[in-house]
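Please read the structure below before turning to the comments.
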Amino acid sequence: DSGVTQTPKHLITATGQRVTLRCSPRSGDLSVYWYQQSLDQGLQFLIQYYNGEERAKGNILERFSAQQFPDLHSELNLSSLELGDSALYFCASSARQGLYGYTFGSGTRLTVV
Amino acid sequence: AQTVTQSQPEMSVQEAETVTLSCTYDTSESDYYLFWYKQPPSRQMILVIRQEAYKQQNATENRFSVNFQKAAKSFSLKISDSQLGDAAMYFCAYINVQGAQKLVFGQGTRLTINP
């Protein structure tokens, strides 16, 4: 157990639907990061939050949004889902700067049918 | 923007042998950190080793060591005495000390261990 909790582990939904992925960071970590990993691809950075504020944004689609709540858990919202959104979505957390590396959750496998 | 390149999509090695995975990166920064992450079939991302750019000494963690060549912007991972449990995708990653501190990953190298 890495200490980063992601729910659900698996999600199957239809095109056009909306889903919410949840992440609880490791105790004491203020930064949360979301990454997308498509089949056999590298990890693409989506967005970073630090203590409730958005800090950096990657190639995140407008259909996607995220937030970090006062208790530091984070949610990634994916709407108007398309087949190409099927992927493994990782949440990671770190101490302030992340220079010791990130701790990753086990991911949410999203399948859009 | 920083980029990380892993030129070997797949590698294989005999059990107990040594294998080296390659990684190059592009940056104009002088202060940064480099990492190797392992992703086994379980899909969990596991930190293998970390290197600080301002340290000339190569990092080692048991059977894992790196060859860090800052001028060449090269950061290879050597796995000695390969074990079946080392079979995984390996990702090289980079992070700036300053600015937007997000990990940038390479595309990965799939390592197969042959018994």
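The values are calculated or read from the model by the stated rules, or taken from the named source; none is laboratory data. Bear in mind the structure is a predicted one, so any value in this text is a computation, not a measurement. So basically every Cβ, Gly included, is an ideal-geometry build from the backbone, and we count neighbours across all protein chains shown. Just the protein is used for accessible areas: all its heavy atoms, side chains included, with ligands, DNA and RNA removed. Shrake-Rupley method; radii C 1.70, N 1.55, O 1.52, S 1.80 Å.
From the list B:GLY108, B:GLY99, exactly one residue is at the interface with another protein chain (Cβ under 10 Å from one of its Cβ atoms), of a type outside the set (Asp, Glu) and open to solvent by 20 Å² or more (accessible area, probe 1.4 Å). Which is it? Quick ask: steps written out before the conclusion?
On the way: B:GLY108 fails: open to solvent by 20 Å² or more (accessible area, probe 1.4 Å).
The match here is B:GLY99.
Restricting the first residue to region A:26-40 and requiring it to be touching a residue at least 12 places away in the same chain (Cβ under 8 Å), which pairs with a second residue that is among the basic types (Lys, Arg) and open to solvent by less than 10 Å² (accessible area, probe 1.4 Å) meet a Cβ separation below 6 Å and a spacing of at least six or different chains?
none
What is the number of the single condition among (1) more than 30 Å from B:GLU10 (Cβ to Cβ); (2) of a type in the set (Ser, Thr, Tyr); (3) at pLDDT 95 or above that A:SER86 does not meet?
(1)
Tell me which of these A:LEU21 doesn't satisfy, since it passes every other one: (1) surrounded by 14 or more Cβ atoms within 10 Å (Cβ to Cβ); (2) within 14 Å of another protein chain (Cβ to nearest Cβ).
Every condition holds for A:LEU21 apart from (2).
For region B:43-57, which positions are more than 22 Å from B:GLY108 (Cβ to Cβ) and open to solvent by 50 Å² or more (accessible area, probe 1.4 Å)?
If the condition is that a residue be more than 22 Å from B:GLY108 (Cβ to Cβ) and open to solvent by 50 Å² or more (accessible area, probe 1.4 Å), then B:TYR54, B:LYS55, B:GLN56, B:GLN57 are the ones that fit.
Would you confirm, using the coordinates I've provided, whether A:ALA56 is more than 19 Å from A:LEU11 (Cβ to Cβ) and either in contact (Cβ under 8 Å) with a residue 12 or more places away in the chain or at the interface with chain B (Cβ under 9 Å from one of its Cβ atoms) (or both)?
Details: more than 19 Å from A:LEU11 (Cβ to Cβ): yes; either in contact (Cβ under 8 Å) with a residue 12 or more places away in the chain or at the interface with chain B (Cβ under 9 Å from one of its Cβ atoms) (or both): yes.
Yes, satisfied.
Out of (1) closer than 27 Å to B:VAL48 by Cα; (2) loosely packed, with under 15 Cβ neighbours inside 10 Å; (3) in contact (Cβ under 8 Å) with a residue 60 or more places away in the chain, what's the single condition that is false for A:GLU82?
Condition not satisfied by A:GLU82: (1).
Answer yes or no as to whether B:LYS55 is within 14 Å of chain A (Cβ to nearest Cβ) and assigned to a loop (DSSP other than H, G, I, E, B).
Working: within 14 Å of chain A (Cβ to nearest Cβ): yes; assigned to a loop (DSSP other than H, G, I, E, B): yes.
So B:LYS55 passes the test.
Filter region A:82-112 down to the residues that are hydroxyl-bearing (Ser, Thr, Tyr) and part of a loop (DSSP other than H, G, I, E, B), then identify the one that is farthest from the other protein chains (Cβ to nearest Cβ).
So the first thing to find is which residues in region A:82-112 are hydroxyl-bearing (Ser, Thr, Tyr), and the list is A:86, A:89, A:93-94, A:100, A:102-103, A:106, A:108, A:111.
Adding the requirement that they be part of a loop (DSSP other than H, G, I, E, B) leaves A:86, A:100, A:102, A:106.
Values: A:SER86: 14, A:TYR100: 7, A:TYR102: 6, A:SER106: 5 Å.
Residue satisfying both the conditions and the ranking: A:SER86.
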